[in-house]
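The block underneath contains the structure these notes are about, expressed in structure tokens.
The values are calculated or read from the model by the stated rules, or taken from the named source; none is laboratory data. Everything numeric here is computed off the predicted structure, so don't read it as measured data. Don't worry about glycine lacking a Cβ; one is built from the backbone with ideal geometry, like all the others, and counts go over all protein chains shown. Areas reflect the complete protein model, heavy atoms only, side chains present, ligands, DNA and RNA absent. Shrake-Rupley method; radii C 1.70, N 1.55, O 1.52, S 1.80 Å.
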Amino acid sequence: MSVRRTLKQALTALTSPGWSHVHTDPEQLNVLLAEQTAAANREATDHATGAAAWNTDELHVQPGLLEVRRSVLADVHYLEGLLIGARHRGLDAGLIERLAAAVDTGHELTVLLADAARTTITAQGTS
């Protein structure tokens, strides 16, 4: 496990109630999922405003795209580890199927982000 992943998990554990706690009650898990969504939605305006402020031209978008892609790649690799472990231990087929779908979607997202980053250069050349 990378130092970045370990630090990220430690910070998340401090700020996200229940992050490192196993939930066996579906209602408790749904409450936690709703809290995560609400917290992200509260921060969404600040994130969007901050990102939009830098969009003065195509090249100014590129660093943000590269940072998001780097973060997504790290998370996808972590998800792949969860998937490998679930398969190795013969865990529930539904869990494995959803993990595999999340991994595939994550890889698709990294490709789209790389394509968008490349577009910042080609679009700059045509402006």
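Observations, loosely collected:
- Here the condition is being in contact (Cβ under 8 Å) with a residue 24 or more places away in the chain and open to solvent by 60 Å² or more (accessible area, probe 1.4 Å); of I121, I84, it holds for I121 alone.
- Whenever a residue of the stretch 57-73 is closer than 18 Å to D104 by Cβ and in contact (Cβ under 8 Å) with a residue 40 or more places away in the chain, its partners that are among the β-branched types (V, I, T) and open to solvent by less than 50 Å² (accessible area, probe 1.4 Å), lying with C-beta atoms within less than 9 angstrom and at least six residues away or across chains, give the pairs R69/T110; V72/T110.
- Every residue from the stretch 42-60 that is in a helix (DSSP H, G or I) and surrounded by fewer than 12 Cβ atoms within 10 Å (Cβ to Cβ): R42, E43, A44, T45, D46, H47, A48, T49, G50, A52, A53
- Among the residues of the stretch 32-52, the one identified as hydroxyl-bearing (S, T, Y) and under 16 Å from the mean Cα position of the chain (by Cα) is T37.
- P63, sole failed condition from (1) closer than 29 Å to A114 by Cβ; (2) modelled with pLDDT under 95; (3) loosely packed, with under 12 Cβ neighbours inside 10 Å: (3)
- Residue within the stretch 14-31 that is modelled with pLDDT under 95, under 18 Å from the mean Cα position of the chain (by Cα) and open to solvent by less than 60 Å² (accessible area, probe 1.4 Å) present: yes
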